[in-house]
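Readers should treat all values here as calculations from the given coordinates under stated rules, not as data from a laboratory. Just so you know, these numbers come straight off a predicted model, no measurement behind them. Glycine also receives a Cβ, built like all others from the backbone with ideal geometry; neighbour counts cover every protein chain displayed.
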Amino acid sequence: MKQLLIDTKNVGYVKIFKDELKNSQTFEDYKNLTNATVEREGTNDEFLVFRTFKNPQNFSTTYYKISQYNKYFNEHCSDFGTFDDFDAAVEAMKIGFEELYTGFADEVYENGSNQWITDKYNFGVMIEEMQFETTNTFGEV
C-alpha cells in the first residue's frame, strides 16, 4: 500500500492503487465493498480508498483504560480494554471480572474514584483516564 494515514476525519484511511495488485479481479472485487470509494476511475492511476473506521464529528481524544494491579497498586498485571466512556468502562470491568472470577462483583469495593479492590482475589483494578495524542513523527512509542 502506498499510503496509510490517520487524520481527524478518518482513522484507517487507506489507499490501494490498481497497479499494486497483481490480480485485477481482486481490485474489481474490492470496488464492491461498502467501505470502499473509487477515485480516478478509468485512468491509469485509479485507486480505492477504504475508511475502516469513521470518526464521529465529536471525536474525543480521552479514553479510559481498565488495568489489573496487585492490591497495593504498585505492580501492573494486565490491561483489559479501553473505552471512550468512564461509566461504560466501569460496567464492563464489573461484568468482565465477574466472568473471570466468580463472586468478584460481591467482593469488590471502591478505593477512591477510579480504583477497586477485592480481598478475596488479592488484586486491584484501576480505570485510568488517558489522552490520545498524535505526534506526527516516526519513533518508538
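A crude spin-label estimate for the pair residue 106 and residue 91, with each label 7 Å from Cα along the Cβ direction, gives 2.4 nm.
Amide H contacts under 5 Å for residue 111: 116, 117, restricted to partners 5 or more places along the chain or on a different chain, H placed in the peptide plane at 1.01 Å from N. Its alpha carbons considered, segment 70-115 gives a radius of gyration followed by a Dmax of 11.1, 27 Å. Across segment 92-98, coupling constants 3J(HN,Hα) worked out from phi with the 6.51/-1.76/1.60 Karplus curve, θ = phi - 60°, read 5, 4, 5, 5, x, 6, 5 Hz, and Gly and Pro carry x.
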